[in-house]
1. Cut-off is 10 Å between beta-carbons; in what order do 171, 220 appear when sorted fewest neighbours first?
2. Order the peptides 123-129, 93-99 from the highest to the lowest mean number of other Cβ atoms within 10 Å of their residues.
3. Would you kindly calculate the mean projected area, averaged across all directions, of the convex hull enclosing the Cα atoms of segment 71-143, in square nanometres?
4. Put one equal scatterer on each alpha carbon of segment 189-267, apply the Debye formula with no solvent term, and list log10 I(q)/I(0) at q = 0.26, 0.27 1/Å to two decimals.
5. Please compute the Kirkwood hydrodynamic radius of the chain from all pairs of different C-alpha atoms, in Å with one decimal.
6. On a full-extension model of 0.36 nm per residue, what is the gain between residue 147 and residue 251, subtracting their alpha-carbon distance, rounded to one decimal in nm?
7. Starting from 0 in steps of 5 Å, tell me what percent of the Cα-Cα pairs of segment 41-84 lands in each bin.
8. Work out Dmax and Rg for segment 225-264 from the C-alpha atoms and quote the Rg first, both in angstrom.
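Any read-out appearing in this document is the output of simple, stated calculations on the displayed coordinates, not a laboratory observation. These figures come from a predicted structure and were not determined experimentally. Here Cβ is always computed from backbone atoms with ideal geometry, including for glycine, and neighbour counts include all displayed protein chains.
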Ligand code: PEP
């Protein structure tokens with residue numbers, strides 16, 4: 001059965017009350033539009049995930065009780081505890097019900113100096129603690145104009161995943177998020193670029209891990225919205241969408257999701 005992964009990163013937005021409101025409203029909308037009989041009969045198996053800020057995780061975990069939606073964290077330290085003031089450990093994330101940790105978002109790399117070597121430690125720590133991994137990779141505008149986009153993402157993958165035991169591949173997803181396409185001022189990537197870069201990522205993963213890497217989901221993220229989501233969802237290389245701004249309202253989340261699934265289904 002075809003799979004479709006769909007999630008949102010809320011960045012530094014939402015208080016715990018706002019997260020509760022979001023999930024309550026989303027739950028109202030989801031059964032109507034996605035859990036109807038016709039949806040269940042559809043051919044696409046969909047996995048949703050939400051990545052709110054740390055302070056909303058406990059509330060989100062409560063609100064998502066009995067739900068199959070994965071709860072994600074936006075970052076973590078690699079140590080399970082220690083003298084790292086201001087940091088959050090994998091053990092702490094597990095304790096509040098987190099399923100998945102996003103690592104290497106472009107804003108972490110650019111604003112907080114997160115390197116591929118640091119990400120390697122975080123990837124290994126996530127695996128040791130049994131957290132699913134969503135590793136973000138992507139080139140910036142300069143790298144693209146210098147025609148080293150493929151090399152850039154291959155290096156990011158090779159270093160960050162260097163020590164990952166291939167037993168953990170089924171719990172690891174990649175998000176291709178070109179830096180020039182995400183957030184305010186970002187422009188959506190041409191579908192041809194997305195298809196090509198997803199092929200580059202797949203080839204790099206297979207080169208690193210062999211055929212076992214063929215099943216790893218590769219998601220696209222960067223200025224995805226209700227108007228353009230179908231053009232990405234139909235690409236055979238795209239296993240899902242990772243959405244920021246357009247999915248920050250429950251209505252927006254459901255609309256992008258619905259259009260994405262319908263496009264994939266109508267292939
Ligand atoms: C992001 O920052 O990861 C992202 C996908 O944002 P947006 O959809 O708002 O471009």
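1. 171, 220
2. Values: 123-129: 20.9, 93-99: 17.9.
Sorting 123-129, 93-99 by mean packing, highest first, produces 123-129, 93-99.
3. Answer in nm², one decimal: 5.0.
4. -1.16, -1.22
5. By the Kirkwood definition, the hydrodynamic radius is 18.6 Å.
6. This chain segment gains 33.6 nm when fully extended.
7. In order of increasing distance, the bins hold 5, 18, 21, 17, 16, 12, 7, 2, 2, 1, 0 percent.
8. Answer for segment 225-264, Rg first and Dmax second: 9.3, 28 Å.
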